[in-house]
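Take a look at the structure below.
Nothing in this text is a laboratory measurement; each read-out follows from the coordinates by a stated rule. As the structure is a computational prediction, the values presented were derived from the model and not from experiment. Positions of Cβ are backbone-derived with ideal geometry, glycine not excepted, and every protein chain shown enters the neighbour counts.
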Amino acid sequence: MLLTILSLFAKAQSPELLKIMTFEGLENTEKQGYGSKEDPILSGAFINVTDRTKMVKLKSSYRWPDGTLIDFNKRFSTASADGKGIVDCYILVKPGTTDTIKLFVNPYKESTVYYVPKGLKAVTLTHIKTEIAPLLKLVEEMEESKDAFTLKNQAAAVLTYINATLGTTLFTDSDEIKSLMADKEADQSLKSFLLRAYIFNKFYAYGKSITNEKAYAFNKVKENFQEFIIAHPEVKTGALKEALEK
């Protein structure tokens with residue numbers, strides 16, 4: 001009973017990012033033959049093609065043993081081991097080497113427990129905290145700047161990580177921010193900057209376990225807007241000025 005309570009408590013304390021990034025039921029245990037054609041990872045990514053979270057979990061649940069991100073871009077489809085279905089095969093190439101792993105995934109089925117394929121490691125809470133710490137500092141640096149628009153290197157580093165592990169779709173689901181992006185009169189550079197601010201601050205809220213991450217990110221968009229028009233008074237704001245001063 002005590003172990004069960006402690007387990008539930010630990011889960012409750014886990015950052016939301018970890019829940020988003022990894023398979024529910026991910027065991028930090030290597031299983032012989034896991035991820036092979038005979039025992040593929042059941043990602044469930046194609047059960048509901050509009051739900052992108054399953055693909056995120058496949059890409060983000062594992063790392064190379066040294067913690068390096070895995071590139072899942074090399075993929076082809078092939079017949080399953082029993083010849084009755086289709087599985088995807090990802091060719092994983094370890095950065096800086098010629099070492100490869102063939103990882104077979106069945107996107108049409110899902111599981112309640114996931115293991116670690118040989119040659120990889122499971123992402124843990126400790127690993128995520130270490131991995132995102134410098135990125136959260138970059139977001140803080142941009143938020144402290146009076147003209148974050150000019151901090152392009154910092155923005156590129158954060159955006160590269162989000163694209164590689166989570167994808168931006170998870171961070172642009174707010175009806176408010178989508179309506180702002182639809183403004184045809186506002187300068188495109190301003191809209192892109194505000195969208196970036198929303199994505200970065202929602203990521204930051206998840207990373208810091210800030211409650212109501214959507215409201216937090218949108219309030220930061222308002223702050224960024226005010227700072228942007230001060231630094232760039234010539235910018236066309238369209239209807240954004242009224243919308244962001246409510």
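Taking 0.36 nm per intervening residue step and subtracting the Cα-Cα distance, what contour gain separates Lys84 from Ala133 on full extension? Please list the in-between numbers first.
Numbers: separation 49, 0.36 × 49 = 17.64 nm, distance 4.50 nm.
Length gained, Lys84 through Ala133: 13.1 nm.
Looking only at the range 14-122, where both bridge partners belong to it, what percent of the DSSP beta bridges are antiparallel (to the nearest 5)? The partial results should precede the final answer.
Details: 14 of 18 bridges.
The antiparallel fraction comes to roughly 80 percent.
Tell me, what is the FRET efficiency for His232 and Lys208 to the nearest 0.05, using R0 = 45 angstrom and their Cβ-Cβ distance as r? Spell out each step's value before the answer.
On the way: r = 29 Å, r/R0 = 0.64.
Efficiency for this residue pair is about 0.95.
Quick one: dipole size for the range 125-243, taken about the Cα centre, charges +1 on Lys/Arg Cβ and -1 on Asp/Glu Cβ, in debye to the nearest 20.
With only Lys, Arg, Asp and Glu charged at Cβ, the dipole is about 200 debye.
Less than 18 Å apart at the alpha-carbon level, and either on another chain or at least 8 residues along: which aspartates and glutamates does that give for Lys202?
Glu16, Glu131, Glu140, Glu141, Glu143, Glu144, Asp173, Asp175, Glu176, Glu213, Glu223
If you count the DSSP beta bridges with both ends in the chain, what percent of them are antiparallel, to the nearest 5?
On the way: 14 of 18 bridges.
Around 80 percent antiparallel, to the nearest 5.
Counting only other residues whose beta carbon sits under 15 Å from that of Lys84, what net charge do I get with K and R as +1, D and E as -1?
For residues surrounding Lys84, the net value is 0.
Excluding Tyr216 itself, calculate the net charge of residues whose Cβ lies under 15 Å from the Cβ of Tyr216, where each Lys or Arg counts +1 and each Asp or Glu counts -1. Present the calculation step by step, with values, prior to reporting the outcome.
Working: positive: Lys202, Lys208, Lys214, Lys220, Lys222; negative: Glu16, Glu140, Glu143, Asp173, Glu176, Glu213, Glu223.
My count for the surroundings of Tyr216 gives -2.
If you put +1 on each Lys and Arg Cβ and -1 on each Asp and Glu Cβ, how big is the dipole of the chain around its Cα centre, in Debye rounded to 20? Intermediate values should be presented prior to the final figure.
On the way: 33 positive and 31 negative charges, 116 e Å.
Using only the charged Cβ atoms, the result is roughly 560 debye.
Given the options Phe104, Ala133, Thr169, identify the residue whose Cα lies farthest towards the positive end of the charge dipole of the chain (+1 on Cβ of Lys, Arg; -1 on Cβ of Asp, Glu).
Phe104
Could you tell me which of the pairs Lys31/Lys59; Lys57/Lys184; Lys59/Lys191 are separated by over 24 angstrom between their Cα atoms in the structure shown?
Over 24 Å apart, Cα to Cα: Lys57/Lys184; Lys59/Lys191.
Between Asn28 and Glu141, what is 0.36 nm times their sequence separation minus the Cα-Cα distance? Round to one decimal in nm. Kindly include the intermediate steps, with their values, before the conclusion.
Working: separation 113, 0.36 × 113 = 40.68 nm, distance 3.41 nm.
Once the chain is fully extended between Asn28 and Glu141, it gains 37.3 nm.
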